[in-house]
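The values are calculated or read from the model by the stated rules, or taken from the named source; none is laboratory data. Bear in mind the structure is a predicted one, so any value in this text is a computation, not a measurement. Because the Cβ atoms are built from the backbone with ideal geometry, glycine has one as well, and the counts that use them run over all protein chains shown. In case anyone asks, the SASA skips ligands and DNA or RNA and just uses the protein heavy atoms, side chains included. Shrake-Rupley method; radii C 1.70, N 1.55, O 1.52, S 1.80 Å.
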Amino acid sequence: MPELPEVAAIADYVDDHAAGFPIRRIDVASLSVLKTADPPYTALVGRIVDSATRIGKYLVITTIPGSAEQVDEPTISLVIHLSRAGWLRWSEDLSPRPLRPGGKSPIALRVHCGLPGEGFDVTEAGTQKRLAVWVVRDVADVDRIASLGPDAMVVSRDELAGILHGTSGRIKNVLTDQRVIAGIGNAYSDEILHTAKLSPFASSKSLSDGQLDTLYDAMRGVLTDATERLEGLGVAKLKSEKRTGLRVHARTGMPCPVCGDTIREVSFTDRSFQYCPTCQTGGKVLADRRMSRLLK
């Protein structure tokens, strides 16, 4: 799942390549990804890309009028949430052929923008279709954005303390709840908790002041490091670069880079997370939820 660092890098790349250019055409292969109807997605055609930015894990492409006929709509934004299996693929030789609606291609949306022939596809792999696209006059009209918590790169240490002490639940779940803190997903929460030497199952409201300090520093450090590593890379290189920077996430069975212990995994129905027993749980191996159900 693209998280804060990847979405920031994608936004920077689109901004560098599309800002100042008109949207020439939009093809929609999967109407189910569109979560709004007014304004229609066709209203973006002919408008100028003003900027591409990030809000939490949402990509926001803001457009301004490109002709006198469009001045009644000062701004219209294309908002994209890539969800678990979505991605954006930029091309300098985008096919002019219209997409076939309802086909088996992973491409859900194609936007012709940037220099002639350039643009991007929004794709989604797998069978669980969660990719979402909105076309709105105000990003606050996207209900999911309106309900986001403070951004993980902006929240202060005291704000974080207040948030965590006001919640109940395991710290892993709290960090990935976008209504609490925006931008962190499964991968970087694993990295943050490993860096902070905290168990994923630790109670969020029971952290000591020292643990809060360590968690805050780890959150800012992990996200800043990842963002800086991805800065300036082409979109096609982001996934592989993300993987090379991960220390525990998706490293089940490999040695911990800090202590050498074996990285363990806790699996649920449709997801899993990784941790180091020595660094994070005092040597205790957490129960695998899949095995727990089989033993009942």
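Some observations on this one:
- Heavy-atom surface of the chain, accessible at 1.4 Å and reported per residue (Å²): 47
- Sequence-distant contacts, meaning Cα pairs under 8 Å at least 6 residues apart, place the relative contact order of the chain at 17 percent.
- Relative intensity, log₁₀ I(q)/I(0), of the range 1-138 from a Debye sum that treats every alpha carbon as a point, q = 0.12, 0.14, 0.20 Å⁻¹: -0.42, -0.58, -1.26
- Fraction of accessible area attributable to carbon and sulfur, the range 168-296 (%, probe 1.4 Å): 50
- GNM result for the chain, Cα springs below 10 Å: residue of SER206, SER67, SER147 fluctuating most strongly: SER67
- Translational diffusion coefficient of the range 76-156 (Stokes-Einstein, Kirkwood radius from Cα pairs, 20 °C, 1.002 mPa s): 147 µm²/s.
- Taking only protein heavy atoms and a 1.4 Å probe, the accessible area of the range 4-147 is 53% carbon and sulfur.
- Spin-label pair PHE268/SER147, simplified geometry with 7 Å Cα→Cβ offset, distance in nm: 1.6
- Using a Förster distance of 30 Å, the FRET efficiency for GLU231-SER156 (Cβ separation, nearest 0.05): 0.80
- Evaluated at q = 0.15, 0.19 Å⁻¹, a Debye calculation over the C-alpha positions of the range 235-275 (equal weights, vacuum) places log10 I(q)/I(0) at -0.42, -0.62.
- Sum of -39500 (n - 2.57) over DSSP H runs of 4+, divided by residues of the chain (222 nm, nearest 500): -8500 deg cm²/dmol
- Calculated Rg and Dmax of the chain using C-alpha coordinates, Å: 20.7, 68
- Linear extension gain, ALA68 paired with ASP177, 0.36 nm per residue minus alpha-carbon span: 35.0 nm
- Near-label residues of the range 207-239 by backbone N, under 13 Å of a point 7 Å along Cα→Cβ of VAL258: 211, 214-219, 222
- Using distinct alpha-carbon pairs, which all enter the 1/r mean, Kirkwood radius of the range 114-268 in Å: 17.7
- Distances between placed amide hydrogens fall under 5 Å for GLY185 paired with LEU4, all partners being 5 or more residues away or on another chain.
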